[in-house]
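Written out below as structure tokens is the structure these notes cover.
Coordinate-derived values only; no laboratory data. Note that the coordinates shown come from a computational prediction; the quantities given were computed from them, not determined experimentally. Because the Cβ atoms are built from the backbone with ideal geometry, glycine has one as well, and the counts that use them run over all protein chains shown.
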Amino acid sequence: AIERTLSIIKPDATRRNLTGKINAKFEEAGLRIVAQKRIFLSLAQAQKFYEVHKDRPFFGELTEFMASEPVVVQVLEGEGAIAKNREVMGATNPANAEDGTIRKEFALSVGENSVHGSDAPETAAEEIAYFFSGLELVG
Ligand code: CMP
């Protein structure tokens, strides 16, 4: 089925001017960027987005990092977009990521791992609605 997923290009990647190279990976995999904006998250906004991880030991580090510099939030659309995006991103820890994946090529560490992608249909819907209104999704 055609799906939509929420993607974030993280501060380690925007800082190194990698937005275009990362978008090329998505497009080469057949994912369409149907919405996209560059924003600077407040700490409170990052905490709300990552609320499911609030009891993890890395929550402070993760949310401060995400609020440290601009991010690019985007909606990717395509056949099986949620799983396909996870394939293109590669494993969370770049040390375990396959060759050719975004995290293998660009990520610096498990925290500074260049991209976020939704992990399931329910979270994709919630995460898209957190950043975008229906009018901003242009398929
Ligand atoms: P992401 O897909 O954005 O979802 C949660 C994030 O937490 C994950 O990517 C990692 O960047 C981050 N994360 C996971 N484990 C650790 C860790 N051990 N230390 C720091 N950050 C982590």
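Can you pull out every residue in the stretch 75-92 that is without any contact (Cβ under 8 Å) to a residue 40 or more places away in the chain and away from the ligand (no atom under 12 Å from the Cβ)?
Hit for the stretch 75-92 is Ala83, nothing else.
Would you pick out the residues in the stretch 98-114 that are under 19 Å from Asn17 (Cβ atoms), part of a loop (DSSP other than H, G, I, E, B) and of a type in the set (D, E, K, R)?
Glu112
With respect to Asp55, determine if the residue is surrounded by 13 or more Cβ atoms within 10 Å (Cβ to Cβ) and within 13 Å of the ligand (Cβ to nearest atom).
No.
Which condition does Glu61 not pass, out of (1) in contact with a Gly (Cβ under 8 Å, 6 or more places away or on another chain); (2) surrounded by 18 or more Cβ atoms within 10 Å (Cβ to Cβ), if it passes all the others?
(2)
Conditions (1) in contact with a Ser or Thr (Cβ under 6 Å, 6 or more places away or on another chain); (2) in contact (Cβ under 8 Å) with a residue 40 or more places away in the chain, marked per residue:
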site	(1), (2)
Gln36	no, no
Leu41	no, no
Gln47	yes, no
Val52	no, no
Asp55	no, no
Phe58	no, yes
Leu62	no, yes
Pro70	yes, yes
Val73	no, yes
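Which residue, of Ala95, Ala124, is closer than 19 Å to Val34 by Cβ and either in a helix (DSSP H, G or I) or near the ligand (Cβ under 9 Å from one of its atoms) (or both)?
Among Ala95, Ala124, only Ala124 is closer than 19 Å to Val34 by Cβ and either in a helix (DSSP H, G or I) or near the ligand (Cβ under 9 Å from one of its atoms) (or both).
Look at Ile33 and say whether it is touching a strand residue (DSSP E or B) at 6+ places or on another chain (Cβ under 7 Å) and under 16 Å from Arg103 (Cα atoms).
Spelling it out, it is not the case that Ile33 is touching a strand residue (DSSP E or B) at 6+ places or on another chain (Cβ under 7 Å) and under 16 Å from Arg103 (Cα atoms).
Taking the stretch 101-126 as the search range and keeping residues that are surrounded by 15 or more Cβ atoms within 10 Å (Cβ to Cβ) and among the hydroxyl-bearing types (Ser, Thr, Tyr), which one is farthest from Ser42 (Cα to Cα)?
Of everything passing the filter in the stretch 101-126, Thr101 is farthest from Ser42 (Cα to Cα).
Criterion first (more than 24 Å from Gly139 (Cβ to Cβ), within 10 Å of the ligand (Cβ to nearest atom) and not in a strand (DSSP E or B)) does Ser68 satisfy it?
no
Could you count how many residues in the stretch 127-139 are surrounded by fewer than 19 Cβ atoms within 10 Å (Cβ to Cβ) and assigned to a loop (DSSP other than H, G, I, E, B)?
4
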